[in-house]
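Each value in this text was obtained by applying a stated rule to the coordinates, not by laboratory testing. In this text the structure is predicted, and so the values were computed from the model without any measurement. Positions of Cβ are backbone-derived with ideal geometry, glycine not excepted, and every protein chain shown enters the neighbour counts.
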Amino acid sequence: MTEAAAGGRLDIRPSSPAREEELYRRLGAEQLVPLWTEIGDLMPAEPTARGHAHLWRWTSLLPLAELAGDLIPVERGGERRAIALANPGLGGRPFATPTLWAAIQYLNPGENAPEHRHSQHAFRFVVEGEGVWTVVNGDPVVMRRGDFLPQPGWNWHGHRNAATTAMAWLDGLDIPLQSWLESTFFEFGAARVDGDDAPMRSRSERLWAHPGLRPLVSGAPPAATPLLAYRWEHTDRALCEQLASEDDGHPATAEPGHAAVRYTNPATAGDALPTIRAEFHRFRPGASSTPRREVGSSVFQVFDGEADVHVGEATWRVGRGDLFVVPSWQLWAVRCDATGVDLFRFSDAPVYERLGLHREQVDSLPTEGRGGVP
Ligand code: 1HN
């Protein structure tokens, strides 16, 4: 008998299937897992996304939101008439990607979504309609087509539709990230958002929406943006002028025919929200994006126009309101023909950047070497 065996340890030679089996049984019983059976899963050569490349059509989403508007009241407890995109790779959970929530929310005329606050960072993006105001810490913010309305975590907020027509919009939140991080807090507030009138410009815009000028307030700059509305007229003008500058021989675009802007915190010039990056992209007719892959996941919504979009193995012709997901490290590209396209995008990039995990790679689409993409 060897010394090891005498001391109760295993003598690994010669191998014995019965003793191996015994080892695995004892490991399991003690809630232990050996690395050597798991290494392939734990250490893939590159990220293998659990979420799938997936497309949700606005023409399917909107009628379902309207039907929910007929059938389901907005009340304390349920809180919001929001219908989440559930990525088919994520086990039926209401997660568009492993880190991002995306939903269509719908409010009938006269309805109120009750006040509450949560640790999750959130935003609204409006692809069509107007008439709802979101009230953030008592500051009513009117919502109109093309507006990006961030809503930093732990601010009280409720919504009110003071118009005579229903309105739908896109909600983005970091719910899945905060679920994995076990950082979620939530608190109920007032049951109603009152008032019949909201100013055209919120208090946050009157303080913070002056280009290149920030108020000299004391204290550390806020980690999330104090500006609660990024208006379409500004986004549209910024994109028009990037393209006009390219026409004038002073290219300032992301790549030829592709203008893009990021929504930033005016106090820091960093991302508007600590965990979510939001951008707007405009492609001229005939323009394309360089195929690329990035660590981290994104959700896109088509604001206007049409394009062919390639994500991983998928190719879709997308149009107004359509939403699609780009999973981590999957190759994606946008291609326009006679029509240009306007795309809203949000992603978890700030998280990866802050953790030193960001990577991206420019590539070509798999079929390009074999005669080009149709
Ligand atoms: C929330 O507060 C809103 O305020 C939307 O509109 C979606 C999903 C889960 C939890 C809170 C909103 C939400 C949410």
Peptides ranked, highest mean first, by Cβ atoms within 10 Å: ranges 158-170, 308-320:
158-170, 308-320
Please compute P(r) over all alpha-carbon pairs of the range 44-125, binned at 10 Å starting from zero, and give each bin as a whole-number percent.
15, 41, 32, 9, 3, 0
C-alpha center-to-center spacing [the range 13-46, the range 193-266] in angstrom
54 Å
Ranked packing of 264-271, 244-251, 280-287, most packed first, by mean Cβ within 10 Å
280-287, 264-271, 244-251
Fully extended, how many nm does the chain gain between Asp197 and Leu27 (0.36 nm per residue separation, minus their Cα-Cα distance)?
54.6 nm
Quick one: net charge around Glu294, please, counting Lys, Arg +1 and Asp, Glu -1 for every other residue with C-beta under 14 Å from its C-beta.
-1
Rounded to the nearest 500 deg cm²/dmol, what is the calculated helix-only ellipticity per residue at 222 nm for the chain, with -39500 (n - 2.57) per DSSP H run of length n ≥ 4?
-5000 deg cm²/dmol
Based on the mean of other beta carbon atoms within 10 Å per residue, what is the order of 339-348, 39-48, most packed first?
339-348, 39-48
Pop out the ³J(HN,Hα) list for the range 286-293 in order, Karplus 6.51 cos²θ - 1.76 cosθ + 1.60 with θ = phi - 60°, rounded to Hz; leave Gly and Pro as x.
x, 7, 9, 9, 5, x, 8, 10
Taking a ≥ b ≥ c as the square roots of the eigenvalues of the Cα gyration tensor of the range 246-342, is the shape rounded (a/c under 1.5), prolate (a/b larger than b/c) or oblate?
oblate
